[in-house]
Amino acid sequence: VAGPRRITVYADLNCPFSYTLNQWLLQMRLSHLVDWQGVEHMVGLTKEQAQSEEEQSKLIEELERLEASAEESHVAVCRPEYRVNSQLALVALCRIERIWPERSVEVRELLFKAIWRDGLDIGDIEVINELLLPYNIGDLTHADTERAEVAARTNAWRNKGYDCIPMA
């Protein structure tokens, strides 16, 4: 008899829908059934772009669409000052997956909450270093392997014809 089937979920740390899904899976104790693939759905997003009126409007609209389902699943989502570039945090998460795979769910939740609960900029190296200090992940300025992994995951997601997240 086969056990429960695992699913692959493509998600981005800077997406409030991905955060809500992650929290719901944790609440339901289903995260062990998910092969979480962190992707950059807004590659190269700059702080200036994120703070633009257009991007701010998109973020507000997403949070309004999410509000009912987030409340239903008892997930509090706070609006950050702007949507952050997630590449550095995804690189850090890849490093954790490589050196401590058993802690990747814990670190993913920490990074999601840093944005969607605490409003932190996880695209800032100082923020990442402080958040992940207890994990001793080393210097992320020399993380070519992890950057390549994030790029490969993002390309795999795009090659499947997806343009929104989270996707399973």
Inset, instruction - Please enumerate the residues belonging to segment 74-107 that are open to solvent by 50 Å² or more (accessible area, probe 1.4 Å) and charged (D, E, K, R). - result: R79, E81, R98, E102, R103, E106
Legend entry - Sole residue being out of contact with any Phe, Trp or Tyr (no Cβ under 8 Å at 6 or more places or on another chain) and among the charged types (D, E, K, R), chosen from E55, E67, E62: E67
Inset, instruction - Might you let me know whether segment 108-119 holds any residue that is in a helix (DSSP H, G or I), open to solvent by less than 50 Å² (accessible area, probe 1.4 Å), of a type in the set (A, V, I, L, M) and without any contact (Cβ under 8 Å) to a residue 40 or more places away in the chain? - result: yes
Inset, instruction - Consider R5 carefully, then state whether it is surrounded by fewer than 18 Cβ atoms within 10 Å (Cβ to Cβ), farther than 20 Å from G119 by Cα and without any contact (Cβ under 8 Å) to a residue 24 or more places away in the chain. - result: no
Inset, instruction - Those residues that are crowded, with 20+ Cβ neighbours inside 10 Å and over 21 Å from C15 (Cβ atoms), I need them from segment 120-142; list them, please. - result: I137
Inset, instruction - For residues that are under 17 Å from C164 (Cα atoms) and open to solvent by 50 Å² or more (accessible area, probe 1.4 Å), scanning just segment 18-56, find the one that is modelled with the lowest pLDDT. - result: V43
Legend entry - Enumeration of residues in segment 51-91 that are in a helix (DSSP H, G or I), more than 17 Å from N22 (Cα to Cα) and touching a residue at least 60 places away in the same chain (Cβ under 8 Å): Q87
Legend entry - Of all residues making up segment 143-162, the number that are over 18 Å from D124 (Cβ atoms) and either surrounded by fewer than 14 Cβ atoms within 10 Å (Cβ to Cβ) or more than 16 Å from the chain's Cα centre (by Cα) (or both): 11
Inset, instruction - Could you please tell me which pairs satisfy a Cβ distance under 8 Å, a separation of 6+ or placement on different chains, a first residue in segment 13-36 that is within 12 Å of V77 (Cβ to Cβ) and charged (D, E, K, R), and a second residue that is part of a helix (DSSP H, G or I) and at pLDDT 95 or above? - result: none
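The values are calculated or read from the model by the stated rules, or taken from the named source; none is laboratory data. Remember, it's a predicted structure, so these values are computed and weren't measured experimentally. Virtual Cβ from ideal backbone geometry, glycine too; neighbours counted across all protein chains shown. For the accessible areas, the whole protein counts, side chains as well, though only heavy atoms, and no ligand, DNA or RNA atoms are used. Shrake-Rupley method; radii C 1.70, N 1.55, O 1.52, S 1.80 Å.
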